[in-house]
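Input: a single structure, listed below in structure tokens.
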Amino acid sequence: MAQELTKECLPEGFEIIPLLGHFFDMVGFRTSNDVIYLADCLSRRETLDKYQIGFIYDVAAYLNTLEMVKPLQAKMFVPAHAAASEDIADLAQYNIDKVLEIADKIAGICQEPLCFEVILQRLFTDYGLTMNFEQYVLVGSTVRSYLAWLKDTGRLNALFENNMLLWQRV
């Protein structure tokens, strides 16, 4: 029977590492022999370059996680979506840079008040992505997370016009 990996049931010498932001309650683990498993917290460069916008449910928490992961030291890092490596700092920074690039692109798109659908369409067009139901759901959810974060950080305003939510750069 599978059981949730909590601090109480982990093997001796294992440590839980919270990896918030990409997905709900995600954690990684440091083993007793100093290997860190990073779950889905990082994507490899090729994946980010191909798909551009990875799933993020909380941009602020995700950036905090990446900044926390970047200086970590271990014998080996094992991310789920990248090759195992003795140094994770450069890949963590690449992921950070991609998040900030997308945030800047969204803010740039929102020079005039725009609804979510137009913002999403322009992102797909600018990045050369193809819309389908799966991408609409995954990327759409992530773009909503970016919009909320950009509003929370004072880079975008949200306003209602003709019963439609619009986003505009501050």
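A 1.4 Å probe run over the stretch 1-60, with the rest of the protein chains in place, finds 64 Å² accessible per residue. The apolar share of the surface of the chain, taken as the fraction of accessible area on carbon and sulfur atoms (1.4 Å probe, ligands and nucleic acids excluded), comes to 53 percent. Candidates SER43, VAL27, ALA61 compared by Cα position along the dipole of the stretch 1-118: farthest toward the positive end lies SER43, with charges placed on Cβ. Once backbone amide H atoms are built at 1.01 Å from N, HIS81 has LEU42 as its partners under 5 Å, excluding neighbours fewer than 5 places away on the same chain. Only protein heavy atoms count here; on that basis, with a 1.4 Å probe, MET164 has an accessible area of about 90 Å². Distance between the pseudo-spin-label points of MET131 and ARG45 (7 Å out from Cα toward the beta carbon): 3.2 nm. Distances between placed amide hydrogens fall under 5 Å for ILE17 paired with GLY28, PHE29, ARG30, all partners being 5 or more residues away or on another chain. In the chain, Cα pairs under 8 Å separated by at least six residues give a relative contact order of 20 percent.
Which value results for Rg/Rh of the stretch 58-170 when Rg is the Cα radius of gyration and Rh the Kirkwood radius based on the inverse mean 1/r? Before the final figure, lay out the partial values.
Details: Rg = 16.4 Å, Rh = 15.6 Å.
When Rh is taken as the Kirkwood radius, the ratio is 1.05.
With charges only on Cβ, +1 for K and R and -1 for D and E, what is the dipole size of the stretch 1-82 about its Cα centre, in debye, rounded to 20?
Details: 7 positive and 11 negative charges, 66 e Å.
Dipole about the Cα centre, nearest 20: 320 debye.
Applying 1/(1 + (r/R0)^6) with R0 = 25 Å to the Cβ-Cβ distance of ALA60 and ASN162 gives a FRET efficiency near 0.25. Among residues other than LYS75 with Cβ under 12 Å from its Cβ, the summed charge is -2 (Lys and Arg +1, Asp and Glu -1). If the segment from LEU72 to ASP87 were pulled out straight at 0.36 nm per residue, it would be longer than the present Cα-Cα gap by 4.5 nm.
Placing +1 on each Lys and Arg Cβ and -1 on each Asp and Glu Cβ, with no other charges, gives the stretch 46-170 a dipole about its Cα centre of roughly 200 debye. For LEU10 and PHE116, a Förster radius of 30 Å and the Cβ-Cβ distance give a FRET efficiency of 0.15, rounded to the nearest 0.05.
The values are calculated or read from the model by the stated rules, or taken from the named source; none is laboratory data. All values reported here derive from a predicted model rather than from experimental measurement. Note that each Cβ is placed from the backbone with ideal geometry, even for glycine, and that neighbours are counted across all protein chains shown. Protein only, heavy atoms only, side chains kept; ligands, DNA and RNA dropped before computing areas. Shrake-Rupley method; radii C 1.70, N 1.55, O 1.52, S 1.80 Å.
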